[in-house]
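The values are calculated or read from the model by the stated rules, or taken from the named source; none is laboratory data. Everything numeric here is computed off the predicted structure, so don't read it as measured data. Every residue, glycine as well, gets a Cβ built from its backbone with ideal geometry; the counts of neighbours run over all protein chains shown.
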Amino acid sequence: MKHCLNCGKPVFDLYCAHCGQQTHPERINFSFISRETIHFFTHLDKGFLFTSFQMITHPGSTVKNFIDGKRKNYQSPISYFLFWTTVFVLFLLLIEKIFGMNRVIDYKGYFGPGSDTRLAISNLSIVLMFVIPFQAFYLYLLVTKKRYNYFETMVGILYALGTVILFQFVFAVFALISYSITQRPVNLQVSDSFKIIYLVWFILDTIKGYQLNHKFIRAMGFITLAFGTFTLWRLYGLPASIHIFF
């Protein structure tokens, strides 16, 4: 007898009679990622807040559950990433509209000199899309390759980056509160600590579910490569790309 991968109930048809999930959820591949991108613009699943909470408290098991087929309660990874990115960017633009550029959060050329940083922040989801394939490759190479394929591994990165942006949003709220009290801006680079702390928690909670040698070295290798690639991209690759194409 077959059982639903989402709720564990016996299934006798193409869909589970108990929770409604497909009996055989498809493998995650390029086609799946493409459809999930389109899905973002037409749906926002009821599992959004649940997914956000689970990615904060149990990121490793959350990603594993989704990849393994327990997907009914979770926001899809593409829409999760794009939604938090959109919320963060709109909040920054609202702050800028009300208080002015660099009044609440001092960007200090975070993504390059002059207007480069503002352009990058306004198109943050596109900016991050360039580092996602590299970070997915690092996670695949160091942790997941014996269990999941590359595109399944990319699910973990999309969820992780979406949650990093969630914490960026929290940072922006903190900066607004701080400005209302001190009338001084908060340096955007302070938010890098949020990124690093969450990436450490994400990889440590993820890697504990794998039978691997040298787990700590693998975890530190992932953090170094993931954050290092992002830093090199924002400091050198992105400004050069902007000057070439704009």
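Tally time: how many residues in the stretch 125-166 are assigned to a loop (DSSP other than H, G, I, E, B) and either closer than 26 Å to P25 by Cα or under 9 Å from the mean Cα position of the chain (by Cα) (or both)?
To start, the set of residues in the stretch 125-166 that are assigned to a loop (DSSP other than H, G, I, E, B) comprises 130-131, 145-149.
Those left that are additionally either closer than 26 Å to P25 by Cα or under 9 Å from the mean Cα position of the chain (by Cα) (or both): 145-149.
The total comes to 5.
Regarding G209, is this residue outside any helix (DSSP H, G or I), on the phi < 0 side of the Ramachandran plot and at pLDDT below 95? Step through it out loud before you land on a result.
On the way: outside any helix (DSSP H, G or I): yes; on the phi < 0 side of the Ramachandran plot: yes; at pLDDT below 95: yes.
Spelling it out, G209 is indeed outside any helix (DSSP H, G or I), on the phi < 0 side of the Ramachandran plot and at pLDDT below 95.
Look through the stretch 191-226, keep the residues that are of a type in the set (V, I, T) and under 19 Å from the mean Cα position of the chain (by Cα), and return whichever of them is farthest from F99 (Cα to Cα).
Step one: list which residues in the stretch 191-226 are of a type in the set (V, I, T), which gives 196-197, 200, 203, 206-207, 217, 223-224.
Remaining after also requiring under 19 Å from the mean Cα position of the chain (by Cα): 196-197, 200, 203, 206-207, 223-224.
On the way: I196: 29, I197: 29, V200: 34, I203: 37, T206: 40, I207: 43, I223: 35, T224: 36 Å.
Top of the filtered list is I207.
For the stretch 179-203, residues that are buried (at least 17 other Cβ atoms within 10 Å of the Cβ) and of a type outside the set (F, W, Y) total 7. Hey, among the residues in the stretch 167-178 that are without any contact (Cβ under 8 Å) to a residue 60 or more places away in the chain and within 15 Å of the chain's Cα centre (by Cα), which one's surrounded by the fewest Cβ atoms within 10 Å (Cβ to Cβ)? Per the stated criteria, the residue is V170. From the list K108, K146, exactly one residue is surrounded by fewer than 18 Cβ atoms within 10 Å (Cβ to Cβ) and under 23 Å from I196 (Cα atoms). Which is it? When all the criteria are applied, what remains is K108.
Taking the criterion of being of a type outside the set (V, I, T) and over 19 Å from A160 (Cβ atoms), the residues of the stretch 208-231 that qualify are Q211, N213, H214.
In the stretch 112-124, the qualifying residues are those that are under 14 Å from L93 (Cα atoms) and part of a helix (DSSP H, G or I), and the one that is modelled with the lowest pLDDT is R118. Among residues of the stretch 57-102 being without any contact (Cβ under 8 Å) to a residue 24 or more places away in the chain and under 18 Å from F202 (Cα atoms), the one that is surrounded by the most Cβ atoms within 10 Å (Cβ to Cβ) is N65.
Per-residue answers, yes or no, for (1) at pLDDT 75 or above; (2) under 20 Å from L5 (Cα atoms); (3) of a type outside the set (D, E, K, R):
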residue	(1), (2), (3)
T37	no, no, yes
T42	no, no, yes
F50	yes, yes, yes
F53	yes, no, yes
I56	yes, no, yes
P59	yes, yes, yes
T62	yes, yes, yes
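If the condition is being more than 9 Å from L142 (Cβ to Cβ) and touching a residue at least 24 places away in the same chain (Cβ under 8 Å), then the stretch 212-227 contributes I223, A226, F227. Total residues in the stretch 8-29 satisfying the condition of being surrounded by 12 or more Cβ atoms within 10 Å (Cβ to Cβ) and under 23 Å from L158 (Cβ atoms): the figure is 6.
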